[in-house]
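Q: Submitted below is the structure of interest, expressed as structure tokens.
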Amino acid sequence: MVFEKIKKVIVDQLGVEESEVELTTSFEDLGVDSLDLFQIIIELEEEFSIQIEDAESIKTVEDAVKYVEEKTGEK
């Protein structure tokens, strides 16, 4: 469930196809620059009501999913 929500945020923010966003996809693979990543982080914080302090550690979609799961206890 967390993955699906994160995937939607990424697709909405970047305008990429859903098929391009897998757990193993890195943000670099998607052509994300620092501004894009900042926007995605803000959206994730709002979506899950969390604070993401160490955004630099989030390199892949899976990193984002694990981070959110740890913070929220959601799966």
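The values are calculated or read from the model by the stated rules, or taken from the named source; none is laboratory data. What you see is a predicted model; the values in this text were computed from it and never measured. With ideal geometry, Cβ positions are generated from the backbone for all residues, glycine too; neighbour counts draw on all protein chains shown. Quick note on the areas: whole protein, heavy atoms, side chains included, nothing else; ligands and nucleic acids left out. Shrake-Rupley method; radii C 1.70, N 1.55, O 1.52, S 1.80 Å.
Q: What is the Cα centroid distance between the stretch 2-21 and the stretch 52-75, reported in whole angstrom?
A: 15
Q: Would you mind counting up the charge near residue 8? Only other residues with Cβ under 10 Å from its Cβ, with Lys and Arg at +1 and Asp and Glu at -1.
A: Values: positive: 5, 7; negative: 4, 12, 18, 43, 47.
Once all neighbours under 10 Å are counted, the net charge is -3.
Q: Tell me the per residue accessible area of the chain using a 1.4 Å probe; a whole number in Å² is fine. Kindly include the intermediate steps, with their values, before the conclusion.
A: Details: 4620 Å² over 75 residues.
Dividing the accessible area of the chain by its residue count gives 62 Å².
Q: Can you give me the long-range amide H partners of residue 60? Hydrogens built in the peptide plane at 1.01 Å from N, cutoff under 5 Å, separation of 5 or more residues or another chain.
A: Result for residue 60 returns 27.
Q: Right, something else. Hey, what number do you get for the chain at 222 nm if only DSSP H runs of n ≥ 4 count, each worth -39500 (n - 2.57), divided across all residues, to the nearest 500?
A: Details: 3 runs with 40 residues, N = 75.
Calculated from helices alone, the mean residue ellipticity at 222 nm is -17000 deg cm²/dmol.
Q: In whole Hz, with x marking every Gly and Pro, tabulate ³J(HN,Hα) for the stretch 47-59 from phi via Karplus 6.51 cos²θ - 1.76 cosθ + 1.60, θ = phi - 60°.
A: Running phi through 6.51 cos²θ - 1.76 cosθ + 1.60 with θ = phi - 60° gives 4, 10, 6, 10, 10, 9, 7, 10, 4, 4, 7, 8, 10 Hz.
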